[in-house]
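Every read-out reported here was derived from the displayed coordinates using simple, explicitly stated rules and does not represent laboratory data. Worth saying up front: this structure is predicted, and the values here are computed from it rather than measured. Note that we place each Cβ from the backbone using ideal geometry, even for glycine, and neighbour counts take in every protein chain shown.
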Amino acid sequence: MSIPITLEFSGGAELLFDRQKRHDIDLPKQENPWRIQELLPWIRDNILKERPELFMQGNTVRPGILVLVNDTDWELMGELEYNLQPNDRIIFISTLHGG
Amino acid sequence: MPLACGLCDKQAILKRPKTGDALCKECFFLAFEEEVHQTITDASLFIKGETVAIGASGGKDSTVLAYVMKILNERYDYNLNLVLLSIDEGITGYRDDSLESVKRNEIQYGLPLKIVSYEELYGWTMDAIVKQIGLKNNCTFCGVFRRQALDRGALMLKVDKIVTGHNADDVAETVIMNVLRGDIGRLRRCTAITTGTDGALPRCKPFKYTYEKEIVMYAYFRKLDYFSTECIYSPNAYRGFARAYIKDLEKIRPSAIIDIIHSGESLSVKKEVKMPVQGVCVRCGYISSNTVCKACIMLEGLNKGLPRLGIGKTHKERLKMAEQIGEKEDSSINSQNLKSCVSDHFRPKSNSTSFEKNQLDSFWVQISQSGQSCCKSNTVGCSCQRSVVCKDVTAGIQSSVEQQKINSSVIDF
Amino acid sequence: MCSVEEGDTDVPFSKSRPNESIGRTCMKCQEKAILITRVNDAFCRSCFMVYITHKFRATVGKTKLVRDGEMVLVALSGGPSSSALLHLIQEGLSERTHKKLRFRPGLIFIDEGAAVNLPSSERLNTCEKMLEIMKSTGFPCHIKALEQGLDNDNIQEFSSPPDICCPGSRLEKELGTIDYDTESILSDISTATSSVTLDMSECSISSSIEEPYGNSREAIAVSSMSRVESSFQKYEEAEEKLKCLLKSLNSVSSQEDLIRTIRHKILSEVATTCGYSKVMLGSCGTRLAVTLLTDMAIGRGGQAAVDTVFADRRYKNVMFLRPLREFSSKEIGMYNALNDVESVFIPTLTTKGSDGASIEHLTEAFVTGLQRDYPSTVSNIMRTGEKLSTGAEEENKENCAMCQSSLDTNVIAPSALNAVEFSQRISSRGDNSDSKRDHCNKTGECCGEGDGSCNSTRTRATKQQVLASLCYGCRLAIRKLDDVEKLPLYVLKDVFWRVRREKMKSEIEEFLLDTS
């Protein structure tokens, strides 16, 4: 079944997403469980509007972007390995100067 | 459209990375050499009649350095006695090629060459070290050993100064590294053009304001031959970050390298900050901020099969070890402050030999387990199976190093 | 040759694998942790809040520099750090807190839209948003534009009292009557299309001390409109001047450097004329580490310490404080997320730029990248900065005309500065346009430049004279500048003053006793 997720972007990161800070999305059903590791390329391919290198670096986020999963530091959830649950809220905050 | 040289009217064939000016070949050579000369005279690096050892690695920096030093020596009557000094770390493959290059320099430039090896100084080649401790911390050993090797080799040649080919990029990189690591002591010292004046042989960097790219350009147009490979034991990755940063900075603003050096020179340290006091190693007399210098600790570790001794930041264990080594020293030292050597199998031959700073010979002999004194021969055939001789180094003015050959069966794991 | 040297291999602590940290508990209370910060410490929500507020109060309190009732100007940029600072200050001042802070803050926002070439509608938008935020705090607020820093001949601009102070505010209740003018004026900063005022009618006036302008205070609407319109003309000119200056600098790094200098100048001017003895900046630790490295890279090593230390005493009358210097950007981000702190995103020159867009941008990418794998990077850099001397102890040092830091150009050879100058001298014959301009200065004759400015009776500064009064970093920034007349007025005035003093000194030189 598809997984509904809320994504939020702030600190300047929203500029890459047409200035839209909040995105409610439904991740399509797939065989393997959805982890953040798969979510990132999905974001890049589906809702990112420009400059993918400013959001992602390699297979993870660019340094300087803080990721919160349900108001918790993603480092405490396993970073890329975290399995997404329905109605999770993932926030990407750019802590870089000028976005 | 051909550009004219900025100084003469010939056609320009290159653009100086440092200033962006277009120059022809001869004007570039002149500018390059003049700048080095200016650096040397501004800093009063040399005194007439001195003997100067050029640290020669076979790489571009030292090859160009040797060439330019020779030219300037003649052109401006420095009256220096130049020699080439090269270090053999004992890394098969890597070293052989660069040593060949240095030997060629000896012939091409007509400068005498001395090669000093880790083997003869410490009894260990890098290959052997890596075999023992693996690839993780070998660079630490090499760095420490090389520094001392250069000094000891120079002392053997009785030179007054050492010059190394460190260029502006190296100095800038070191400044950034030291800021990143919070190493305030090194940060203060690294922009000095001459280091080590108190005690050890002074070392100068005539290329301090010379860009690496210009050195390569100079070598290319002068058709100088050099050999440049990466060490086969992978180098420290952390410095690579600083290097990449500097390279990127240079792309944005070419003067950034000199700007960083200027920043380093403009820094001053707060008076209250405790700076490590430079003392002398109790073992070998080499300059050290600790009781026992790093090389001695590392050698102790190697010989005892404790590979991590001396690696990493000072923490309790290492301090304890150092203290123990120091204490062992104390117990074998009589009231006149005599020392014993690395392997703990030595004591001064005569109790009346006191250690004074200017004394060159202290006699060390080897005692076997039974307490009998052994011959002082340096040969492996000695019945006690260890012929380690260590000599005292005075407050850095002169030292002589003897050899340490370890019989592998003695090493306990 | 391998360039590894002794001591090279002391590598900082490197990060643990991600999976090791799953489900960690707070290091203090063993509850479920929500954040990893410092090198490897986990905190739960409440402990984190306590940690942050405590660290803030301690940083401000332990230096004992901020006295009770002291007037402190808080600089807001709209970004997360300064918004967090504002929130912390509000919390700290509120009555319910245990040991509340006791200074009197005023807020200032500097609109830098002109420098970034933002369209005026966006600038206005940003200003409105910032105004909303500032108003809601009840503290007196100022809004300035960056271009006002170019021309502070115009006293009016800088001696304006707080633009807004809301009546019946908490602050008023707590501190009694506010004894500064609260005339509500918003300086207009839009461009040629329209002059815009925001609706300020709800703000009231109370009794005041001296009013620099002499505008009548009764009819707010009228005076504010007329003031707006009269200043409209000046703003347009100033804005053009700023844009022209920035454009002629030719490199983003130089532009950012100049903007930073002007910004500090404006802050110190407003503080001085409005009676604030301190200015609080919202720069967080990560940002300051980037600033330190950037300063090293642009030749400002001598200032690197003073740019990152808690108390910056460069400007004589005003002290700049950086209370957030111990916080990482991650902690700030988390704090804002947990407290719903509003921040306004304002683009800068390097927004959406590649890594190589400017030196500062590159350095930021470098530091944040390194920090990810070596979590002690920022603290190491800050520690280095703390050990450096700020040069404040030396009384007799001259200051740079532009950035007010100590001049570091009086060096003896051998030095990088001399090396650079030497290289430039021997790499080209004679110098180019500078010598022509020099001639302009000497007599009133036309030099044939044809730009019309030579006919003025005021002597023009030569580039040579200007460079002599600047520090290495500022010299670097204006290297490509073609006409020194474009520089801010305060710089030129300082240069003239020095030139006159030199002239005076040379006249009396023979009678001066050598005191060295």
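Just grab the label-to-label distance for A:Asp26 and B:Glu100, each label 7 Å out from Cα along the Cβ direction, in nm (one decimal).
Distance between label points: 7.0 nm.
With bins 10 Å wide starting at 0, give me the P(r) of the stretch A:3-94 over every alpha carbon pair, in whole percents.
16, 57, 26, 1
Place a point 7 Å from the Cα of B:Thr92 along the Cα-to-Cβ direction; which residues of the stretch B:116-157 have their backbone N under 11 Å from it?
B:127-128
To the nearest 0.05, how large is the calculated FRET efficiency for C:Ser46 and C:Asn317 if R₀ is 35 Å and r is the Cβ-Cβ distance?
Step by step, r from the Cβ atoms, then E = 0.25.
Taking amide H atoms as placed 1.01 Å from N in the peptide plane, list the residues 5 or more away in sequence, or in a different chain, whose amide H sits under 5 Å from that of B:Ile54.
The answer is B:Val83, B:Leu84, B:Leu85, B:Val163.
Counting only helical runs of four or more DSSP H residues, what would the 222 nm mean residue ellipticity of chain A come to if each run contributes -39,500 (n - 2.57) and the total is spread over all its residues?
Result for chain A, helices only: -3500 deg cm²/dmol.
For B:Ser44 and C:Leu512, FRET efficiency with R0 = 35 Å and r from the beta-carbon atoms, rounded to 0.05?
Efficiency, from the Cβ-Cβ distance: 0.70.
Whole number please: convex hull volume per residue of the Cα set in the stretch B:14-266, in Å³?
130
Please get the size of the charge dipole for the stretch B:14-266, origin at its Cα centre, with Cβ charges of +1 on Lys and Arg and -1 on Asp and Glu, quoted in debye to the nearest 20.
Roughly 340 debye, rounded to the nearest 20.
Please find the FRET efficiency linking A:Arg44 to C:Ser121, where r is the Cβ-Cβ separation and R0 is fixed at 30 Å, and quote it to the nearest 0.05.
0.45
To the nearest 20 Debye, how big is the dipole of the stretch A:3-94 about its Cα centre, given +1 on the beta carbon of each Lys and Arg and -1 on that of each Asp and Glu?
Once rounded to the nearest 20, the dipole reads 280 debye.
Return B:Ser86, C:Ser254, C:Ser46 ranked ascending by Cβ neighbour count within 10 Å, so the fewest neighbours appear first.
Starting with the residue having the fewest Cβ neighbours, the order is C:Ser46, C:Ser254, B:Ser86.
Using amide H atoms built in the peptide plane, which far-off residues or other-chain residues are under 5 Å from C:Asp408 H to H?
Residues meeting the amide H criterion: C:Tyr472.
Run the dipole for the stretch C:19-62 about the Cα centre, Lys and Arg Cβ at +1, Asp and Glu Cβ at -1, nothing else charged, and hand back the magnitude in debye, nearest 20.
220
Given all pairs of different Cα atoms, what value in angstroms does the Kirkwood hydrodynamic radius of the stretch C:19-62 take?
10.9
Out of the GluC sites (Glu not before Pro) in the stretch C:318-403, which ones are loop residues according to DSSP with at most 11 other C-beta atoms within 10 Å?
Sites meeting the loop and neighbour criteria: C:Glu393, C:Glu394, C:Glu395.
Per residue of B:61-74, how many C-beta atoms from partner chains lie within 10 Å of its own C-beta, taken as a mean?
Other-chain Cβ atoms within 10 Å of each residue's Cβ, averaged: 0.
By count of other Cβ within 10 Å, fewest leading, how are B:Asp96, B:Asp127, C:Asp340 ordered?
Arranged by neighbour count, lowest to highest, B:Asp96, B:Asp127, C:Asp340 become C:Asp340, B:Asp96, B:Asp127.
Long-range amide H contacts for C:Leu481: which residues qualify at under 5 Å (H placed 1.01 Å from N, peptide plane, sequence gap of 5 or more or a different chain)?
none
Compute the long axis of helix A:36-46 from its Cα atoms, compare it with the longest principal axis of the Cα atoms of chain A, and write down the angle in degrees, 0 to 90, nearest 10.
Computed tilt is about 60 degrees.
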